[in-house]
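Readers should treat all values here as calculations from the given coordinates under stated rules, not as data from a laboratory. The model shown is predicted, which means the values in this text are computed figures rather than measured ones. Cβ coordinates were reconstructed from backbone atoms using ideal geometry, including for glycine residues, and neighbour counts include every protein chain displayed.
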Amino acid sequence: MTRFKEIKKWMIDKSLTQAEIARKASVSQAAVHNFCKGYMSSANIKSVFLGLGCPRALLEREVA
């Protein structure tokens, strides 16, 4: 399973949307999408995910 799919599954399990993550991180939804896809890194977005309980290993995976 790809990083994006794993993060998406985690978000669905937690009833979270990219828009909610974006609001908490004060970034665009596109930035969250690009972060999840592994196209960009962001300490701010990563911090929000970690604060919501996302496993660190999931966020640090390389794109498959």
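Quick notes
- Which labelled figure in [x] 1.55; [y] 0.96; [z] 1.40 is Cα Rg over 2.2 N^0.38 Å, once derived from the coordinates: [y]
- Restricting the chymotrypsin sites (Phe, Trp or Tyr not before Pro) of the chain to loop positions (DSSP other than H, G, I, E, B) with no more than 16 neighbouring Cβ atoms within 10 Å leaves 39.
- Report note on the peptides 18-26, 40-48, 52-60: ranked by the mean count of other C-beta atoms within 10 Å, highest first, their order is 18-26, 40-48, 52-60.
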